[in-house]
Amino acid sequence: MNHSTKPESDLQLWILFKQGDKEAFSRLYELYVDVLFSYGTKISADTELVKDCIHEVFMDLHRHRNSLSDVSNIKFYLFMALKHLLLRRIKRERKLSGIFGFSMNSYDFQIEYSIEDNIIRDEQETMVRKYVLGLLDKLNSQQREILYLRFNQGFNYNQIAKITGINGDSAKKQVYRILKRLREIAGKDSLYLLVFSFFCPRFPL
């Protein structure tokens, strides 16, 4: 695949990958490995487990490429695949450790930022980030994940529903209720607006 024939859509890239184009497969990995790692580490703090699962997702893709259906949104497909595999691996490892009762919805979705971020950002922005995290701590795990998928990753309500295991109408209602609750907590001052323009750059309020 040369630059003159670079695919313009997920579907084109996916078709080239299915046809055995090695550069298309490399392009898939380059495009999505970082965002998959970011998502995976919000489900599990075990970074090596997350890396292993991402590797397995891509190896499975390559191994079964001839039997895969066409995909119009690769990121959504990969998020679904990674989450399913990661939760199965967590469940298996806990069972081997004698920990039972883990369900596919019993993980704790965490949104954090690193010490390095504190170093490179100015004091005001660091304060805003801490304020955001304080607000998010008032939400449950599923609510945090829904906000992340909607506003940080740009998924629509049906996609969010499939990733989180709820129905589409419920996903839309939950987003509304979450934002309403956060408005009540944060108030309507300028800091609140700054928080959401920072946390939700795709959909500034």
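Readers should treat all values here as calculations from the given coordinates under stated rules, not as data from a laboratory. In this text, all values refer to a predicted model and were calculated from it rather than measured experimentally. A quick note on method: Cβ atoms are made from the backbone with ideal geometry, for glycine too, and the neighbour counts reach across all protein chains shown.
How much FRET efficiency would the formula 1/(1 + (r/R0)^6) give for Q19 and M127, where r is the Cβ-Cβ distance and R0 is 45 Å, rounded to 0.05? Before the final figure, lay out the partial values.
Details: r = 51 Å, r/R0 = 1.12.
So, using R0 = 45 Å, E works out to roughly 0.35.
Pick out, from F25, F79, I90, the residue whose Cα sits farthest towards the positive end of the charge dipole of the range 3-96, with +1 on the Cβ of Lys and Arg and -1 on the Cβ of Asp and Glu.
With unit charges placed on the Cβ atoms, the residue in question is I90.
For the range 19-27, in order, what is each residue's ³J(HN,Hα) by Karplus, 6.51 cos²θ - 1.76 cosθ + 1.60 with θ = phi - 60°, in whole Hz (x at glycine and Pro)?
Along the range 19-27, the couplings run 7, x, 5, 5, 5, 5, 5, 4, 5 Hz.
Counting only pairs 8 or more places apart or on different chains, how many lysine pairs in the range 3-96 have C-alpha atoms closer than 19 Å?
Pairs that pass both the separation and distance tests number 15.
Residue-wise, which Karplus ³J(HN,Hα) couplings in Hz belong to the range 71-79, taking 6.51 cos²θ - 1.76 cosθ + 1.60, θ = phi - 60°, and x for glycine or proline?
Couplings: 10, 9, 9, 5, 4, 4, 4, 6, 4 Hz.
Could you line up L182, L68, L36 from fewest to most neighbouring Cβ atoms inside 10 Å? Numbers along the way, then the final one.
On the way: L182 21, L68 13, L36 24.
Starting with the residue having the fewest Cβ neighbours, the order is L68, L182, L36.
Give me I15, I43 ranked fewest to most by other Cβ atoms within 10 Å of their Cβ, as a rough exposure proxy.
In increasing order of surrounding Cβ atoms, one gets I15, I43.
How many nm separate the modelled label positions at L11 and S141, each set 7 Å beyond the Cα in the direction of the Cβ?
Going from the L11 label point to the S141 one covers 3.7 nm.
Between E48 and N156, what length in nm is gained on full extension when 0.36 nm per residue of separation is reduced by their alpha carbon distance? Intermediate values should be presented prior to the final figure.
Details: separation 108, 0.36 × 108 = 38.88 nm, distance 2.96 nm.
Contour length minus the Cα-Cα distance gives 35.9 nm.
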